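Student: Structure provided below as structure tokens; questions to follow.
The values are calculated or read from the model by the stated rules, or taken from the named source; none is laboratory data. These numbers come from a predicted model, not from an experiment. All Cβ positions, even for glycine, are placed from backbone atoms using ideal geometry, and neighbour counts span all protein chains on display. All accessible areas refer to the heavy atoms of the entire protein, side chains included, with ligands and DNA or RNA removed. Shrake-Rupley method; radii C 1.70, N 1.55, O 1.52, S 1.80 Å.
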Amino acid sequence: MISKAQVLQWLEHFAAVIADQKEYLTQLDAAIGDADHGINMDRGFKAVMAQLPTVADKDIGTILKKVGMVLVSTVGGAGGPLYGTLFMRMGMAVGNKEELEASDVLAMFQAALDGVKMRGKAEPGEKTMVDALTPAVEALRQALEAGDDLHAALEKAVAAAEEGMKATIPMVARKGRASYLGERSAGHQDPGATSTYLLFKSAAEVWNGADA
Ligand code: ADP
Ligand code: MG
């Protein structure tokens with residue numbers, strides 16, 4: 001079971017990780033985009049942290065929807081609406097729950113993936129955050145179906161997200177700003193896939209008690 005407090009801890013930890021990785025994410029975006037992904041994510045999650053206390057006593061769905069709305073209203077470009085959609089869909093998927101079972105966590109991440117794909121129209125292989133999100137959700141599902149507990153399943157999801165992130169390196173971008181570069185986008189890791197890997201890693205670190 002993941003408690004509401006653990007969901008809040010996840011968001012806080014992810015905000016801290018993003019602040020820590022701001023330069024790195026921005027450098028990745030400098031190579032194939034406009035050098036703002038880390039700046040965008042950090043601005044968005046600083047605003048989220050400022051707003052979280054206003055919803056901290058509400059249910060998990062309300063909290064996650066609030067995160068999404070704050071991101072949409074504070075982050076421009078592609079990243080804001082995409083991460084905004086990701087969190088709003090998560091919130092809609094878990095609804096008024098006060099704690100999450102493993103199946104709720106899977107439904108939450110599946111809804112995030114569906115939302116991002118709908119919003120950005122990207123499929124796997126197009127060098128976007130979908131390339132980290134898709135294998136992570138798939139690994140989570142397969143592990144839970146095979147009988148793993150949530151902790152073990154999350155570790156597998158993190159490993160799959162990391163592999164998916166690295167697999168974006170040789171890809172030619174077909175969506176977003178990086179696609180303007182065409183073949184020259186190959187050879188660089190996608191910034192959005194990298195922040196999505198960090199999202200799963202943050203969840204595993206907090207929920208599996210291995211807070212780094
Ligand atoms: P912008 O591209 O507007 O500067 P960011 O730099 O914050 O926004 O985010 C860039 C990331 O957004 C990319 O690395 C990619 O992962 C993701 N992205 C861009 N377009 C799409 C899309 N259509 N679908 C999914 N993800 C996308
Ligand atoms: Mg950018």
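Student: Taking the Cα centre of the chain as origin, sum charge times position over the Cβ atoms of Lys and Arg (+1) and Asp and Glu (-1), and report the length of that vector in debye to the nearest 20.
Tutor: Details: 21 positive and 28 negative charges, 164 e Å.
Value, rounded to 20: 780 debye.
Student: Right, here's the next one. Identify all lysines with a Cα-Cα distance to residue 127 below 27 Å; exclude those on the same chain that are fewer than 8 residues away in sequence.
Tutor: Qualifying lysines at Cα under 27 Å: 22, 46, 65, 117, 156, 166, 175, 201.
Student: Follow-up. Given that compact globular proteins tend to follow 2.2 N^0.38 Å, what is the ratio of the alpha-carbon Rg of the range 2-209 to that value?
Tutor: On the way: Rg = 15.8 Å, N = 208, 2.2 N^0.38 = 16.7 Å.
Its radius of gyration relative to the 2.2 N^0.38 Å reference: 0.94.
Student: Can I ask one more? Counting trypsin sites (Lys or Arg not before Pro) as exposed when in a DSSP loop with at most 16 other beta carbons within 10 Å, what is the longest stretch of the chain free of them?
Tutor: 1-57
Student: Which of 19, 157, 136 moves the most in a Gaussian network model of the chain with Cα springs under 10 Å?
Tutor: Evaluated over the chain, the most mobile residue of the options is 19.
Student: Follow-up question, since we're still on this one. Would you please classify the overall shape of the range 150-212 from the alpha carbon gyration tensor, given that a ≥ b ≥ c denote the square roots of the eigenvalues, rounded means a/c under 1.5, and beyond that prolate means a/b larger than b/c while oblate covers the rest? Please report the intermediate quantities before stating the final value.
Tutor: Numbers: a/c = 3.75, a/b = 2.89, b/c = 1.30.
The shape class here is prolate.
Student: Pulled fully out, how much extra length does the chain show between residue 51 and residue 142, if you take 0.36 nm times their separation in residues and subtract their Cα-Cα distance?
Tutor: Values: separation 91, 0.36 × 91 = 32.76 nm, distance 3.51 nm.
That works out to 29.2 nm of additional length.
Student: I'd like the carbon and sulfur percentage of the solvent accessible area for the range 132-212, probe radius 1.4 Å, heavy atoms only, ligands and nucleic acids excluded.
Tutor: On the way: 1820 of 3570 Å².
Exposed carbon and sulfur together represent 51 percent of the surface.
Student: Further question: With springs only between Cα atoms under 10 Å apart, run a GNM on the chain and tell me which of 126, 155, 101 wobbles the most.
Tutor: 101
Student: Kindly point out which whole DSSP H helices in the chain project their C-alpha atoms 18 angstrom or further along the helix axis while averaging a Kyte-Doolittle hydropathy of -0.5 or above. Let's see the in-between values first.
Tutor: Working: long enough: 4-20 (24 Å, 0.50); 37-51 (21 Å, -0.27); 60-74 (21 Å, 1.35); 79-94 (23 Å, 0.77); 102-120 (27 Å, 0.49); 130-145 (22 Å, 0.39); 150-167 (25 Å, 0.24); 191-207 (24 Å, 0.32).
Span-like helices here: 4-20, 37-51, 60-74, 79-94, 102-120, 130-145, 150-167, 191-207.
Student: Now for a different question. Between 137, 207, 111, whose Cα lies farthest towards the positive end of the dipole of the chain when Lys and Arg beta carbons carry +1 and Asp and Glu beta carbons carry -1, centred on the Cα centre?
Tutor: The one lying farthest along the dipole's positive direction is 111.
Student: Could you pull out every residue, at least 5 positions away or on a different chain, whose amide H is within less than 5 Å of the one on residue 100? Hs are placed 1.01 Å off N in the peptide plane, and Pro or chain starts have none.
Tutor: Amide H neighbours of residue 100: 2, 3.
Student: If you don't mind, there's one more thing I want to ask. How about residue 97: which aspartates and glutamates have a C-alpha closer than 18 Å to its C-alpha, ignoring those fewer than 8 places off in the same chain?
Tutor: The qualifying aspartates and glutamates are 57, 59.
Student: Just 106, 133, 181 to compare: in a GNM of the chain, with alpha carbon springs under 10 Å, which one fluctuates most?
Tutor: Ranking 106, 133, 181 by mean-square fluctuation puts 181 first.
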